[in-house]
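Chemist: One structure, as structure tokens, below. Some questions next.
The values are calculated or read from the model by the stated rules, or taken from the named source; none is laboratory data. Being a predicted model, the structure only gives us computed values, none of them experimental. To get the accessible areas, we keep the full protein, side chains included, count just its heavy atoms, and leave off ligands, DNA and RNA. Shrake-Rupley method; radii C 1.70, N 1.55, O 1.52, S 1.80 Å.
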Amino acid sequence: MADDPHYDKETDTYRVIHQGHPSASAVTNNEGVTVFFDPDNHDVLGFSIANFSKYYEDHVTDDGEFEVVLPAHVPANLEEEMGFDEESLTSNVRIAEIY
């Protein structure tokens, strides 16, 4: 992971931003995966994973890779479509600026 440009060893964060947005919204699930999305059309702009070492350990494949499954759009009904529980929705919804 040290050579991966998306991984910040100092903060133990993995972050991939496909497209920036001046007023992106974000929601974080209970595994620490934050999905950044366009608040107007709900398109996913990217993601970040806090405490990535633990996430990787829990999601590593036989090839040494890891998997993150993201939708193309963040649905309006996040609880059902993305598996976010009500507490996560009310305590972890944030406004983020992505450049």
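Chemist: In Å², what does the accessible area per residue of region 4-43 work out to with a 1.4 Å probe?
Modeler: Result: 56 Å² of accessible area for each residue.
Chemist: Another question, if that's okay. Give the long-range amide H neighbours of residue 24: residues separated by 5 or more places, or on another chain, with amide H under 5 Å away, using H modelled in the peptide plane at 1.01 Å from N.
Modeler: Close amide H contacts, sequence-distant or interchain: 96, 98.
Chemist: Whole-Hz ³J(HN,Hα) for each residue in region 30-38, computed from phi via Karplus 6.51 cos²θ - 1.76 cosθ + 1.60 with θ = phi - 60°, x for glycine and proline: what do you get?
Modeler: Per-residue couplings from phi come out as 6, 9, x, 8, 9, 9, 9, 9, 6 Hz.
Chemist: Shifting gears a bit: Can you give me the long-range amide H partners of residue 46? Hydrogens built in the peptide plane at 1.01 Å from N, cutoff under 5 Å, separation of 5 or more residues or another chain.
Modeler: Hits under the 5 Å cutoff: 18, 36.
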